[in-house]
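To keep things clear, I will list the structure first and then write my remarks on it.
The values are calculated or read from the model by the stated rules, or taken from the named source; none is laboratory data. None of the values given here were measured: they were computed from a predicted structure. Note that we place each Cβ from the backbone using ideal geometry, even for glycine, and neighbour counts take in every protein chain shown.
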Amino acid sequence: MLVAGFKREHGLVNALTTAGLAASLLVFIFVDPVLPLQATELLYFDGYSLFFSGLIIFGALAVSILAYPYFESHNALNEEFYILLLTATLGAVVLACSTHFVSFFIGMEMLGVSLYAMIAYPVHEEKSAKFPLEAAIKYLIMSGLASGLILFGIALLYALTGTMFFSDLAPAIEAQDVAASPVLVTGWLMIIAGIAFKLSLVPFHIWTPDVYEGAPVPVTAYLATVSKASMLAVVLRLLLISDAFQYDALMLVLTVMAAASMLLGNLLALMQANVKRLFAYSSIAHLGYLLVVIIAAASVPGMLSVESMSFYVAAYFIMSLGGFAVTNAISNSGKELDMISDYQGLFWRNPWLAAVMITVLFSLAGIPLTAGFIGKFYVFTSGVEGSLWFLLTMLIIGSAIGLYYYLRIIYAMLQPVEKVSKQDPAGQAIPFGTHAVLASMSAIIIYLGVYPMPMIDILQSLAAAF
Amino acid sequence: MILVWLMLILFAGGIGAWLSESRGVGTPRVIALMAILLDLALVIFMLVAPETIGLSPVDNGHGEWLVLFQSDWIPRFGISFIFGADGLSLLLIALTVFLGMISLGAAWHEIKERSGFFYFNLLWTLAGVIGVFTALDLFLFFFFWEVMLIPMYFIIAIWGHENKEYAAMKFFIFTQVSGLLMLLSILVLVFLNYQASEVITFSYFDLLGNGLGGELGMLVMLGFFIAFATKLPAVPIHNWLPDAHSQAPTAGSVILAGILLKTGAYGLIRFTVPLFPEVSQTFAPVAMTLGVVSILYTAKVAFAQNDLKRLIAYTSVSHMGFVLLGVYAWNAQALQGAVMTMLAHGFSAAALFMLAGGLQHRIHTRDMDKMGGFWGVAPKMSFMVLFFTVAAVGIPGLGNFVGEFLVLLGSFQVSITTTAFAALGLVVAAVYSLIVIQKVFHGENKNNYEIADLTFIEMACFALMMIGLLWMGLYPQSMMDMAEPTLRSIDVVFP
């Protein structure tokens with residue numbers, strides 16, 4: 001990070017960032033035996049937080065590799081981008097490890113503030129076709145509002161219980177005998193609303209498509225994966241250990257949000273001609289599926305829901321990264337090719353890119369042989385065990401609609417090449433790093449889809465802590 | 001293990017064909033042909049001389065299995081690889097591989113663009129279907145159920161005709177959504193079984209005799225039924241089929257009509273009824289009525305078509321109605337009839353689609369109003385159409401007759417009214433078949449089409465299918481003997 005201040009050289013900074021992230025992944029091997037570990041009052045390291053941190057750093061690593069070719073053609077100063085990337089990642093890791101409202105908030109803000117700047121990054125670029133500034137302002141306002149709500153909610157809970165530890169909430173509520181207090185439920189609802197903003201759940205999803213579209217592709221990838229995954233990690237832990245499921249109002253709100261996200265996300269995605277916007281709406285739908293798991297956690301053993309959610313998040317993480325890696329491979333900061341029509345005939349022009357994209361899309365649609373299928377299988381299993389028949393019906397309807405727009409992109413890619421305009425994105429040389437990301441993502445998707453057992457073993461062991 | 005090999009050969013052949021695409025049209029299809037011939041040889045060994053390749057039947061209390069292969073997959077959820085083949089599976093695998101070879105013949109001259117990827121999809125569909133016919137773990141079954149779908153989607157979406165996007169999409173969404181319902185049912189079944197026995201398992205054998213009844217049992221059973229009835233297809237969820245058929249390339253239609261539809265019927269016989277005997281019995285009158293409605297309604301719709309392929313597609317639905325009727329009449333004759341109909345219809349429908357596809361390839365239209373008088377220009381082709389139409393109508397001496405006759409015989413013992421209506425289907429079938437012959441091959445060749453007659457490869461394919469149908473018609477006992485133990489072992493669950 002410091003290097004950027006001394007020497008402005010894109011390649012060097014990128015290499016250092018990547019190496020640094022890779023090194024922190026390696027550190028995990030040494031950390032593993034000393035778990036669980038309470039590091040100060042704020043951070044708690046166990047298998048669960050380690051898993052999500054690993055995922056987050058892995059995602060940041062991929063984004064850093066993808067960002068290099070993207071910003072290379074960008075003439076302005078690029079080095080700060082990596083500083084922002086690293087601070088955001090640090091924030092995300094703090095989130096994944098937090099069991100305390102203070103670290104929850106610190107991590108969230110660190111992630112959010114870095115993201116504002118990252119989204120607006122190419123704002124000086126004259127030829128930038130998109131509207132990064134608009135996207136950044138939108139995200140800033142919405143995210144600020146959400147943070148405010150969460151802070152207020154935390155304050156209300158603190159006023160009642162006098163504790164900021166997730167795990168002390170339930171005993172404190174019992175001790176003070178305030179379980180029926182309307183203030184308590186209001187506090188919870190505010191926190192949930194704020195979180196829903198960050199996770200872009202309906203009806204707090206309005207910023208998502210604009211921000212996804214306006215941000216540079218690597219940042220969109222980051223937003224879709226790291227920022228969502230870290231938030232989910234902390235939300236599930238918060239709800240599970242603070243025993244928040246006993247409030248009917250809360251469950252009702254969650255259920256409505258899940259159903260609406262699955263339905264609206266998929267329906268609105270139908271109408272998109274822009275792949276980034278389409279991914280935005282599809283992410284809303286996927287977050288809805290994940291919410292089903294979280295709701296099921298109320299009535300099934302915590303273990304299964306932790307396992308299901310971790311698997312789904314990991315699968316979704318990989319799929320999104322793969323999808324954005326393809327978009328990234330045919331785009332650069334000067335020209336983003338993100339309309340469905342840009343993908344026409346890609347399968348014949350560049351079979352490799354198209355094959356990765358098809359894998360990703362099938363995985364998002366939850367077709368067997370891919371990680372997305374096992375993920376969806378987990379969601380179904382949790383839903384069935386929790387007897388959430390209404391949500392499962394919504395899930396099936398949502399998936400059916402989802403198939404349609406995923407297939408539309410696939411169909412466009414299968415079209416004959418002749419119909420394509422002279423614009424030939426595949427003509428652009430793809431650097432080795434991008435190839436490596438593409439190859440590893442598709443390999444992981446297929447591997448997890450065909451032989452998920454090793455992954456399930458890991459998840460089971462970390463879920464055992466709950 | 002031999003079943004796994006059957007699939008692996010096809011998977012590997014598909015990849016080989018794809019990789020060899022750059023070498024021109026010739027290499028991929030030769031690779032594909034070799035893979036299929038290898039499979040065919042294995043299947044023939046399994047049928048004729050199982051001892052020579054070291055197979056001996058095992059009885060595990062749920063019927064006699066010629067091959068049974070078991071290995072862990074995802075022990076966390078009690079999911080394992082269980083592949084098994086008994087007489088019924090084996091017959092259908094033989095049908096699959098045989099029609100796979102025929103479809104290769106149909107594609108031989110038709111597919112010129114990106115042939116490597118085409119043969120890849122063709123072989124992977126076949127492998128998926130073999131998986132469906134042999135998987136005995138519900139999760140594994142569902143897995144293959146979906147796997148056979150994707151390559152088929154590609155075949156329609158890339159090599160299809162003018163309206164392919166719509167057709168491919170409709171095909172995929174219908175099957176996928178009904179598949180999700182089935183997945184939900186599977187999970188509920190497994191979960192209930194887990195509650196009752198504390199063992200989480202997806203194994204077919206463990207889930208047999210789960211005794212699930214009542215309203216819940218009915219709902220779970222319906223999940224399975226809808227998935228299979230969509231694939232079969234039965235009215236009112238049949239309307240993906242005419243689109244998919246008319247838009248698919250010839251080889252795709254052959255596989256769709258010949259094999260993929262049979263997976264639905266197989267699912268009903270293997271899973272729906274044995275897993276839920278009690279509610280199936282309650283449901284039987286409804287299913288039989290649906291069968292009869294399918295027979296009559298689609299026969300009438302077929303009569304109104306101008307598009308040759310759509311017409312044949314509707315007749316397919318009509319004939320599959322007999323299968324549905326036979327399965328839910330659930331006695332020895334009706335079941336045997338259903339299986340015979342599946343096999344015979346596989347041949348006759350595949351042949352008819354191949355003829356229609358060949359015709360379209362030659363004159364670039366499927367509109368029957370533009371055709372006429374083709375007997376004069378293409379006598380061999382005309383004879384073939386006549387033969388297979390007559391077979392489909394159910395002339396004694398050919399396989400379809402045996403099947404439909406047995407179904408009617410069996411269902412007569414259950415419900416006389418239903419059977420009477422179903423028998424009307426045979427009459428309507430004669431009407432629409434005659435219309436085809438009349439419009440296309442008799443009369444005047446208005447547009448003066450010059451049609452090249454059938455090529456050697458096509459003649460060879462049709463000759464093989466003729467022999468097959470004659471065999472089924474004249475010596476059906478050989479096949480009934482094979483299917484009989486399977487049907488008997490499931491039969492006991494029904495009073």
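Considering the conditions (1) out of contact with any Lys or Arg (no Cβ under 9 Å at 6 or more places or on another chain); (2) under 26 Å from residue B:236 (Cβ atoms); (3) more than 10 Å from every other protein chain (Cβ to nearest Cβ), residue B:129 is excluded by exactly one of them, (1).
On the basis of being assigned to a helix (DSSP H, G or I), surrounded by 24 or more Cβ atoms within 10 Å (Cβ to Cβ), within 14 Å of chain B (Cβ to nearest Cβ) and modelled with pLDDT of 85 or more, does residue A:353 make the cut? Taking the combined requirement at face value, the residue does not satisfy it. Please determine whether any residue of the stretch B:30-46 is modelled with pLDDT under 85 and β-branched (Val, Ile, Thr). Checking the stretch B:30-46: not a single residue is modelled with pLDDT under 85 and β-branched (Val, Ile, Thr). Just the residues that are among the acidic types (Asp, Glu) and assigned to a loop (DSSP other than H, G, I, E, B), please, taken from the stretch B:176-226. Matches in the stretch B:176-226: B:198 only. Taken together, the residues in the stretch A:340-350 that are crowded, with 24+ Cβ neighbours inside 10 Å and within 13 Å of chain B (Cβ to nearest Cβ) amount to 1. Of the residues making up the stretch B:101-124, those that are in contact with a Pro (Cβ under 9 Å, 6 or more places away or on another chain), part of a helix (DSSP H, G or I) and not hydroxyl-bearing (Ser, Thr, Tyr) are B:106, B:107, B:116, B:117, B:118, B:120, B:121, B:122, B:123, B:124. On inspection, residue A:378 does not qualify as of a type in the set (Phe, Trp, Tyr), within 22 Å of the chain's Cα centre (by Cα), more than 10 Å from chain B (Cβ to nearest Cβ) and assigned to a helix (DSSP H, G or I). Do we find a residue being among the basic types (Lys, Arg) and either in contact with an Asp or Glu (Cβ under 9 Å, 6 or more places away or on another chain) or surrounded by 24 or more Cβ atoms within 10 Å (Cβ to Cβ) (or both) anywhere in the stretch A:272-291? For the stretch A:272-291, residues among the basic types (Lys, Arg) and either in contact with an Asp or Glu (Cβ under 9 Å, 6 or more places away or on another chain) or surrounded by 24 or more Cβ atoms within 10 Å (Cβ to Cβ) (or both): present. Is it the case that residue B:271 is among the aromatic types (Phe, Trp, Tyr), surrounded by fewer than 23 Cβ atoms within 10 Å (Cβ to Cβ), in contact with a helix residue (DSSP H, G or I) (Cβ under 8 Å, 6 or more places away or on another chain) and farther than 29 Å from residue B:311 by Cα? No, not satisfied. Taking the numbered list (1) within 30 Å of residue B:191 (Cα to Cα); (2) among the aliphatic types (A, V, I, L, M); (3) at pLDDT below 85 in turn, residue A:346 passes all entries but (1). Hey, does the stretch A:72-81 have a residue that's at pLDDT below 85, assigned to a helix (DSSP H, G or I) and aliphatic (A, V, I, L, M)? Scanning the stretch A:72-81, I find no residue that is at pLDDT below 85, assigned to a helix (DSSP H, G or I) and aliphatic (A, V, I, L, M), so the answer is no.
Residues satisfying the criterion are absent from the stretch B:419-441 (criterion: more than 15 Å from residue B:385 (Cα to Cα) and either basic (Lys, Arg) or not in a helix (DSSP H, G or I) (or both)).
Tally up the residues in the stretch B:371-384 that are in contact (Cβ under 8 Å) with a residue 24 or more places away in the chain and under 24 Å from residue B:251 (Cβ atoms), please.
First, the residues of the stretch B:371-384 that are in contact (Cβ under 8 Å) with a residue 24 or more places away in the chain: B:371-382, B:384.
From what is left, the residues that are under 24 Å from residue B:251 (Cβ atoms) are B:371, B:374, B:378, B:380-382, B:384.
Matching residues across the stretch B:371-384 total 7.
The set of residues from the stretch B:390-414 being among the aliphatic types (A, V, I, L, M) and part of a helix (DSSP H, G or I) comprises B:390, B:391, B:392, B:393, B:402, B:406, B:407, B:408, B:409.
Selection within the stretch B:136-162: residues that are away from chain A (no Cβ under 11 Å) and assigned to a loop (DSSP other than H, G, I, E, B). The member of this set that is nearest to residue B:224 (Cα to Cα) is B:136.
Do the conditions hold for residue A:387, that is, is it of a type in the set (Ser, Thr, Tyr), in contact with a helix residue (DSSP H, G or I) (Cβ under 6 Å, 6 or more places away or on another chain) and in contact (Cβ under 8 Å) with a residue 40 or more places away in the chain? No; evaluated as a whole, the condition is false for this residue. Give the residues of the stretch A:186-224 that are assigned to a loop (DSSP other than H, G, I, E, B) and under 22 Å from residue A:88 (Cα atoms), sorted by residue number. A:200, A:201, A:205, A:215, A:216 - these are the residues of the stretch A:186-224 that are assigned to a loop (DSSP other than H, G, I, E, B) and under 22 Å from residue A:88 (Cα atoms). Checked against (1) in contact (Cβ under 8 Å) with a residue 60 or more places away in the chain; (2) closer than 24 Å to residue B:205 by Cβ; (3) not acidic (Asp, Glu), residue B:37 passes all but a single condition, namely (2). Being in contact with a strand residue (DSSP E or B) (Cβ under 6 Å, 6 or more places away or on another chain), farther than 25 Å from residue B:468 by Cα, crowded, with 23+ Cβ neighbours inside 10 Å and of a type in the set (A, V, I, L, M), is that true of even one residue in the stretch B:115-137? Within the stretch B:115-137, one or more residues are in contact with a strand residue (DSSP E or B) (Cβ under 6 Å, 6 or more places away or on another chain), farther than 25 Å from residue B:468 by Cα, crowded, with 23+ Cβ neighbours inside 10 Å and of a type in the set (A, V, I, L, M). Of everything in the stretch B:187-209 that is of a type in the set (S, T, N, Q) and crowded, with 18+ Cβ neighbours inside 10 Å, the residue that is nearest to the other protein chains (Cβ to nearest Cβ) is B:193.
Report yes if some residue within the stretch A:292-309 is assigned to a helix (DSSP H, G or I), within 14 Å of another protein chain (Cβ to nearest Cβ) and more than 30 Å from residue A:252 (Cβ to Cβ); otherwise report no. Checked against the condition, which is being assigned to a helix (DSSP H, G or I), within 14 Å of another protein chain (Cβ to nearest Cβ) and more than 30 Å from residue A:252 (Cβ to Cβ), the stretch A:292-309 yields no hits at all. Annotation: residue B:229 fulfils all but one of (1) buried (at least 21 other Cβ atoms within 10 Å of the Cβ); (2) away from chain A (no Cβ under 14 Å); (3) closer than 27 Å to residue B:61 by Cα; the unmet one is (3). Every condition in (1) within 14 Å of chain A (Cβ to nearest Cβ); (2) surrounded by 14 or more Cβ atoms within 10 Å (Cβ to Cβ); (3) at pLDDT below 85 is met by residue B:57 except one, and the failing one is (1).
For the structure I just gave you, tell me whether residue A:239 is modelled with pLDDT of 85 or more, part of a loop (DSSP other than H, G, I, E, B) and buried (at least 22 other Cβ atoms within 10 Å of the Cβ). Break it down stepwise before answering.
Numbers: modelled with pLDDT of 85 or more: yes; part of a loop (DSSP other than H, G, I, E, B): no; buried (at least 22 other Cβ atoms within 10 Å of the Cβ): yes.
Judged against the criteria, residue A:239 is not a match.
Each row is one residue, and each column tells you yes or no for (1) of a type in the set (Gly, Ala, Ser); (2) closer than 15 Å to residue B:461 by Cα; (3) at pLDDT below 90.
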{"residue": "B:341", "(1), (2), (3)": "no, no, no"}
{"residue": "B:353", "(1), (2), (3)": "no, yes, no"}
{"residue": "B:358", "(1), (2), (3)": "yes, yes, yes"}
{"residue": "B:363", "(1), (2), (3)": "no, no, yes"}
{"residue": "B:366", "(1), (2), (3)": "no, no, yes"}
{"residue": "B:391", "(1), (2), (3)": "yes, no, yes"}
{"residue": "B:395", "(1), (2), (3)": "no, no, yes"}
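Scanning the stretch A:356-375 for residues that are farther than 22 Å from residue A:261 by Cα, surrounded by 21 or more Cβ atoms within 10 Å (Cβ to Cβ) and at the interface with another protein chain (Cβ under 8 Å from one of its Cβ atoms) yields a single hit, A:368. For the stretch A:386-417, filtering for residues that are part of a helix (DSSP H, G or I), more than 7 Å from every other protein chain (Cβ to nearest Cβ) and more than 16 Å from residue B:156 (Cα to Cα) leaves 13. The set of residues from the stretch B:68-109 being on the phi > 0 side of the Ramachandran plot and either more than 14 Å from chain A (Cβ to nearest Cβ) or crowded, with 24+ Cβ neighbours inside 10 Å (or both) is empty.
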